[in-house]
Amino acid sequence: MNLQPKTGDVDTPAPSHERFMRLALRQARAAADREEVPVGAVILHRGKLIAQAHNQVELLKDPTAHAEILAITQAAAALHDWRLADTVLYVTKEPCPMCAGAIVLARIPRVVWGVADPARGGAISLFDIFRNPRLNHRVDYEGGVLEEECRNLLQDFFRKQRAGATAAPPGGTAGASEEESAAGRPAIP
């Protein structure tokens, strides 16, 4: 699913998208190495890297410790402002509703992701938070950047989870949501 780019205030040439998505993928691999769901995010401000993070839900025992949330917190600290104008967020998977809401609240003008999440995507797939006319900020977006690599990383992680390659915490599969554990399948098709 390669979504066409939307134009907005912050324009980054397409070749750079792959370069920065590779940085997000590096973060996602770090998450997988720590038995976290492999999602990584980086934020650039006027072309300069100011934040990078990966999922740390299991490590921090915090359901909000998604890559996007952690990167937004870092970026706000770096800019000394909660309004993240002139930034681009790169993330390996379409943001969930919580992260999409945080992106809107942080006024991030543009998001680029690797793979869509039709089961739980909060940006545009399941919920349409980025384009919701009732909200005070719209987010320009582009999906499908290094999509296959991002999808493969997620699918490999969940395949290993289902095969029992990693120890599951009490009550579920390591790194999987309740829905994924119950269904025995990854969120990404």
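The values are calculated or read from the model by the stated rules, or taken from the named source; none is laboratory data. All values reported here derive from a predicted model rather than from experimental measurement. Just the protein is used for accessible areas: all its heavy atoms, side chains included, with ligands, DNA and RNA removed. Shrake-Rupley method; radii C 1.70, N 1.55, O 1.52, S 1.80 Å.
Brief remarks on what is shown
- Extended-chain gain in nm, criterion 0.36 nm per residue less alpha-carbon gap, ASP86 and MET98: 2.2 nm
- Ligands, DNA and RNA aside, ILE129 has an accessible area near 30 Å² when probed at 1.4 Å.
- Ordered by 1.4 Å accessible area with all protein chains kept, ARG22, ARG46 run largest first as ARG46, ARG22.
- Long-range tail of P(r) for the range 39-124 (Cα pairs > 15 Å, %): 51 percent
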